[in-house]
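Below is one structure, written out as structure tokens, with a few remarks after it.
No lab work stands behind these numbers, since they all come straight from the coordinates. What you are looking at is a predicted structure, and each value in this text was computed from that prediction instead of being measured. Cβ placement follows ideal geometry from the backbone for every residue including glycine, while neighbour counts extend to all protein chains displayed.
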């Protein structure tokens, strides 16, 4: 839901696009600050203890939105966003590597993509729920007073899930150590940083999350500012959320902020979920690094299509970019910790730290949107996807492995 908040803060607090990107900065800063402590606690507390710590952290951040709405200053909301992401860091650092070791190593990328497909439900409903509470036809002031409601609901659900985990037994599983990081094999380096496939996974994840965060954050700005007018028949369209989904401007009807949130959910995140689901199957047929490389290269083309200002074709390219982004995060994660054994928990911490890319690049994208336009701003994620494509295609040489797939 944080990506739906940007336009709300622009309206309510009169922020520029670059200033509103502090929301993404706060979110990803939490990952950066907590990644190493989360990895350390995971080794001390085990998988179950780390997951519980993460769930309680998320609940605390969500509940903070209740007083933050009354304080009604930008820093108060940024604090809540940061605390939530700190809790999520535990879940990313612990649950992701745990998923990769629950079965045959060659299916690691498949398992993590299947597991993360389930969060596609949240991707779809998050913008819909956020649009209901963050925007109102009565104005930004009215919408602002109900900002805390969805977060209070999430806190209740998370606390219920934490209660379930208190009574569930999670076995500790030893991970394969293909690079002999934890044994006494002579002539082998014990440092995870001596393995290029891990180092470059950190770099690739930095640029992938940077691209994802920018696209998610400025989707609404792009649709509202750059998309051609729609016909009057769209005034009461279900896909735009009814009459509040359009706004009259200069004698034409344009998609409003609320309509853009519906498009984000119904098309953008639905394609994201579809990409995760189909990607899980594709990864059983093709090597994971090739799929990442091909999908990232496809998104380079999509970003160029957006920057060229092709009207509805550019919007279609934006929607398709969600599909091709879908498998990148979990697959880069699996490729990065491949064969690192017990050190995969530490490696996971650094890959999660790379999420900091989502804090920095949206600021640049927002600045380009302010000084030029939102279409041109999509050249920023284009460069990011080029880096991810290079990592995917170079992975066999970096790792000395044939690849992660059912055929490997």
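Give the separation of the Cα centroids, the range 262-296 to the range 303-380, in Å. Going from one Cα centre to the other spans 14 Å.
A simple spin-label model places the labels of residue 141 and residue 304 5.0 nm from each other, with each point 7 Å out along Cα-to-Cβ. For the range 342-396, the ratio of Cα radius of gyration to the globular rule of thumb 2.2 N^0.38 Å stands at 1.47. Applying 1/(1 + (r/R0)^6) with R0 = 30 Å to the Cβ-Cβ distance of residue 281 and residue 364 gives a FRET efficiency near 0.25.
Over the C-alpha atoms of the range 229-370, the Rg to Rh ratio, Rh being the Kirkwood estimate, stands at 1.07.
Using only alpha-carbon positions in the range 287-376, the gyration tensor eigenvalues give semi-axes of 31, 18, 7 Å once each is multiplied by 5 and square-rooted (largest first). Calculated FRET efficiency, residue 235 to residue 159, Cβ-Cβ distance, R0 = 35 Å: about 0.25 to the nearest 0.05. What the Cβ-Cβ distance of residue 397 and residue 166 gives, at R0 = 30 Å and to the nearest 0.05, is a FRET efficiency of 0.10.
When all alpha carbon pairs of the range 321-363 are counted in 5 Å bins from zero, the resulting P(r) reads 5, 20, 23, 23, 17, 9, 3, 0 %. Model label points for residue 72 and residue 13, set 7 angstrom from Cα along the Cα-to-Cβ axis, are 1.4 nm apart.
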